[in-house]
Each structure stands twice: as C-alpha cells, then as structure tokens.
Amino acid sequence: MLVNEVFESILGLNLNHKTEFVGLNLALKRVLANDIKATKDLPAYDNSALDGYAFCYDDKDLALKIKGEIFAGDKNHYEISKGECYKIMTGAIFPKGADSVLRIEESTLDNNGNLIIPSNITPKDGKKLKGEEIKTGDIILKKGDILDAAKIMLLASQGICFVEVFCKPKIAVFGTGNELKEPWENCDEREIYNANSFGIVALLAQNGFDSEYKGTIKDEKNAILSEINSHKDYDLIITSGGASKGEADFMQEILLELGFREIFSKINLRPAGPSKLYEKDGKFVSILPGNPMSCFVGCFFSVLPLVKKMSGFNECLPNKTKCELKSSIKFKSTRANIVLGTLKNGEFIVFNNGEYSPAMINPLAISGAFYLSNIGESEIESGSLIEVFEFDK
C-alpha cells in the first residue's frame, strides 16, 4: 500500500467518537466536539482603547472643559455636552456624546485648565464599539478546532469555563522481542535496549497525546495473546517488532485469529515497509517494524494520523513545508523512499547523501525532517523546490 493509500484508509475510518467536558485549565490541545457561539458581545460596551480624553470630534476647535475622570470598572453613566470632555482610562466605559480619544501624551491644557485639541487629531480614534469584535450569537470556534492559548482566552472572555471536547484515545505501547532489555537493566553484547517504545511514547507526547508504556512481550504466541486480551479496554495498542515474516512473528496471526480485520499489512516505503494496522469493534492494533528508524517512520506516517483521527482532528495528515533542496539526491525509483535531512532557512540539507540503514537511530537525532520520494522518481537536482515533513516539532 502506498503512503497516500494509507492516509486514505485512515481518513476513511468511520469512528464513534466519545466526548467529555473539561475545564479550561485542562483544555490545551484538546479538540472541540461542537461549535461554540458567543454569549456576550466583545467588547461588552463602548470603551476607550487608550488612556486619554474622550471628546466629540466636532468640538475639536474648542477649549474643552474636563468634567472629571472615568476609570475601568466604573459602571456609572457619563455624558458630555458641547464643549466638554472626560479624562478616560483604557477599558473605561465611553461617555455618551463622545466619539474620539486624544492620547494623554498628546494633550495640552490652557491657562484655565481646559483641554486643547491639536489640529492633526484623527477623527473617531480610540473608541472601541460594543460588539465590533464579536457579537452575541456569532460562531467563535468550530467543531474540530484545536484549542490553543488564544482560543482558550477567547472562551474565557465568554464566561465559558468548561468545554466539550473529544476524548483522547487510551493508548498502550509495547516492545516485542526476546533480545530486548529496558534502559535501566544490564544489557550484554547479544542483547539490545528497547529504544523503539520510548521513541513512540515521545513522538506521541510531542504531538499532544498521552500513552502508557507497558513493557516488553516475549516472542511467544501465548505471551502475545495474553497481553492483547488483557488490554481490551485500550483504544489503541502499539507494538514494535514482530512485524516481518520471521518464524517468531506471531502478532499478525494472533490478531486474525481474534477477529481483527486488516486495514493494511505493508507500506511501500523504505524504511517503514512492514508497518501494519488492524481493527476490531473500534479498537486498533498497530504493528511497527523492529528496526528503530523503520519504527519511527512508520509511527510518523501511520500511527500519528490514526491517533489524530481517533481524537477528532479535522486535519490528521502530517504538515508539509516547502523548501529548496541544497544538494542533489538519488534513490531507487521502484519504491517510495525517505530522505533524512535538516530544514534551515528554507533549505533542505540532506543527511549523509541519503545513505543510512533502517536499523540506525543517530540520523534521526541529527536530522529533523523527511523528504518522501514518489515511485518512479530516481533523482532530484540541487536547487529544486520540494516539500518535506518536519518531525522534530
């Protein structure tokens, strides 16, 4: 299956999204489950945009009597007649009859303490009108919007303290393999540390998703079956290893026996080829390759879009950035290929001429972006405009 076909299969999933209400203090990066309408005009009343003097522009040639001061939070009614003005503070309610504000630093008083308006004053300046930003009933946020700091501030301005969002999927992460050791364990020369699971958990967290690391599973059918059955309450189980055609790779066999349907069992992409995805009753199991780079790439291009889809995102696919290729690159045209590199000042600098093994990790740590070649594409010349996926954000 091509990468675009993987994307299409994920976007085409018909999911039953659950929702929950959370306080604004917990709403960052959550996805709105419904449109939100304004309950209050913004601004709520005519007010001053700055510290100064509120006056009527038609009186600009008069010496204006200062009736008093109006402070923010003062709820009294104020009004001016011809030849009058008020000293006013930022955010204070605007007096009736005034339509402009003279900045306090531009003000001059005559010998009688009256305000003199300079000749270059701008009409209608400094007055914020009720509802000029938002009117009651306006849709201010839409279903599928991701709540960031500014959107949370907007919700708070409407007196909204709890908001309905899509539930995040409950995710379990496993490593599989008899050779795996945890980073805190002793590891001999014939064993390897379980790097993949921690990369998966971190990549998910980097994109705003929580997951639980559950340890490693031995390459034994009963052990795998036991873990799958004991984690039925999870929405997504992610494993790495046990994805290829080796004799000890039982994961695919077990899932089919349990009644899972195959969404895809291979991606035509080096180095993420053996990535697989299965579904049963709205629950998913993702099997990623054991080679670290293959695992990372497979997670980026298949797991992250799936988790976003499960979380109610409108935009689930990785973002592309346009840039200029700094040096020519060549690759096999019979498959899609990942080219690692660094994106800097609008230029994509290829790592090590595109030469690295799927078992490597260091090229990922040094780089920060992928170029994804098309099948049939064998070379791109230096200076070409390309699109890359950034994975270090």
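The figures follow:
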| item | result |
| --- | --- |
| Extension gain from residue 162 to residue 121, taking 0.36 nm per residue of separation minus the Cα-Cα distance | 10.3 nm |
| Where the chain is the region considered: accessible area per residue in Å², 1.4 Å probe | 51 Å² |
| About the Cα centre, charge dipole magnitude for the chain (Lys/Arg +1, Asp/Glu -1 at Cβ), debye | 600 debye |
| Cβ-Cβ FRET estimate between residue 392 and residue 355, R0 fixed at 35 Å, reported to 0.05 | 0.95 |
| Stretchable slack from residue 66 to residue 103, in nm (0.36 nm times residue separation minus alpha-carbon distance) | 11.9 nm |
| Within the chain, percent of DSSP bridges classed antiparallel, to nearest 5 | 65 percent |
| Percent carbon-and-sulfur accessible area, the chain, ignoring ligands, DNA and RNA, probe 1.4 Å | 48 percent |
| Label-to-label distance, nm, for residues given as residue 185 and residue 28 (7 Å Cα→Cβ offset) | 3.5 nm |
| Area accessible to solvent at residue 261, 1.4 Å probe radius, in Å² | 120 Å² |
| Solvent accessible area, Å² - residue 193, 1.4 Å probe, full protein context | 110 Å² |
| Relative contact order (%) - the chain, alpha-carbon pairs under 8 angstrom, separation at least six | 15 percent |
| Accessible-area value, residue 360, 1.4 Å probe, nucleic acids and ligands omitted, Å² | 90 Å² |
| Segment 81-155 and segment 352-393: distance between their alpha carbon centers, rounded to Å | 52 Å |
| Dipole of the chain, positive end: most advanced residue of 160, 9, 240 [Cβ charges, Cα centre] | 160 |
| Calculated FRET efficiency for the pair residue 133/residue 205, C-beta based, R₀ 30 Å, to 0.05 | 0.30 |
| Spin-label proximity, residue 335 to segment 1-23 - amide N less than 14 Å from point 7 Å beyond Cα toward beta carbon | 1-3 |
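The values are calculated or read from the model by the stated rules, or taken from the named source; none is laboratory data. Because the structure is a prediction, the values reported are computed rather than measured. Reconstructed Cβ throughout: ideal geometry from the backbone, glycine too, with neighbour counts over all protein chains shown. Accessible surface areas use protein heavy atoms only, side chains included; no ligands, DNA or RNA. Shrake-Rupley method; radii C 1.70, N 1.55, O 1.52, S 1.80 Å.
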